[in-house]
Amino acid sequence: AGLYPVQELGVYLTLSIRFLLSSVILAIVAGMVFKSLTEPNIVKKGIILGLFNNIIYLGCTFAALKYINPGWVIIIVSFSPFFTLIFSILSGEEKFNFTSFTAFLLGISGVFIIVHGSLSYINFYGITLAIIGTISFSAGTVFFKKKCSEYSTIILNFWQTFISGIILLLLYVPNFDKNTITISLKSIISIIYLSTIVTIGGMALWFYLIKK
């Protein structure tokens, strides 16, 4: 879904628009439910989650799309449960579980069977970016489970998307060139989808599942 806007707007602008749009929606929802969005602990943890889940993870995986086929990104991101398991074991959250490891291998095999037909050239830089992003997301998952599970997922998601949008926009500004910006209807629909269904809905569901 992110391929079209990345090609037209670039990684930084695509992600900054996506996150800032999501943060506006989340701020409205959170403002109706909660009295305050600025409790210091939740702000700090939301910012850390933003660095793991959005700036590094999505920044790297979206950037990887410029160098490698989306199929490779899908396969590498599918290794997230494996990295999450490793980090959980290292942090003392879990012990090695052979059943979970077997399920992971079966899942990876299924993903490979589905996307192998679309795999093409391999670019080392693109593969490295995708791996760094996937490891970051796994670290964010363990951090949330260990440090953030008692906080509101709506407020956490607001802060992680808001700070990510601001930082990525600042990274984009020095390279701004209005002559290179073109946006199609496909990109607009893609950004709206990513902002609402993925960033808000998907992350809320992911946080909910981690808490269980």
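The values are calculated or read from the model by the stated rules, or taken from the named source; none is laboratory data. Predicted model only: the values in this text are computed from it and were never measured. Using ideal geometry, Cβ is built from the backbone for each residue, glycine included, and neighbour counts are taken over all protein chains shown. Side chains included, ligands, DNA and RNA excluded: accessible areas come from the protein's heavy atoms. Shrake-Rupley method; radii C 1.70, N 1.55, O 1.52, S 1.80 Å.
Quick one: would you say I17 is surrounded by 17 or more Cβ atoms within 10 Å (Cβ to Cβ), aliphatic (A, V, I, L, M) and assigned to a helix (DSSP H, G or I)? Considered against the rule, which asks whether it is surrounded by 17 or more Cβ atoms within 10 Å (Cβ to Cβ), aliphatic (A, V, I, L, M) and assigned to a helix (DSSP H, G or I), I17 comes out as yes.
For L129, indicate whether it is modelled with pLDDT of 65 or more and open to solvent by 70 Å² or more (accessible area, probe 1.4 Å). No. Here I210 fulfils each of the conditions (1) modelled with pLDDT of 85 or more; (2) of a type in the set (A, V, I, L, M); (3) open to solvent by less than 30 Å² (accessible area, probe 1.4 Å) apart from (1). Taking the condition open to solvent by 50 Å² or more (accessible area, probe 1.4 Å) and modelled with pLDDT of 90 or more, does I56 pass? Judged against the criteria, I56 is a match.
You will find that of S187, S164, S195, the residue that is modelled with pLDDT of 85 or more, under 18 Å from F143 (Cα atoms), part of a helix (DSSP H, G or I) and touching a helix residue (DSSP H, G or I) at 6+ places or on another chain (Cβ under 9 Å) is S164 and no other. Only one entry of I155, I183 meets the criterion of being crowded, with 20+ Cβ neighbours inside 10 Å, in contact (Cβ under 8 Å) with a residue 24 or more places away in the chain, farther than 17 Å from I55 by Cα and of a type outside the set (K, R), and that entry is I155.
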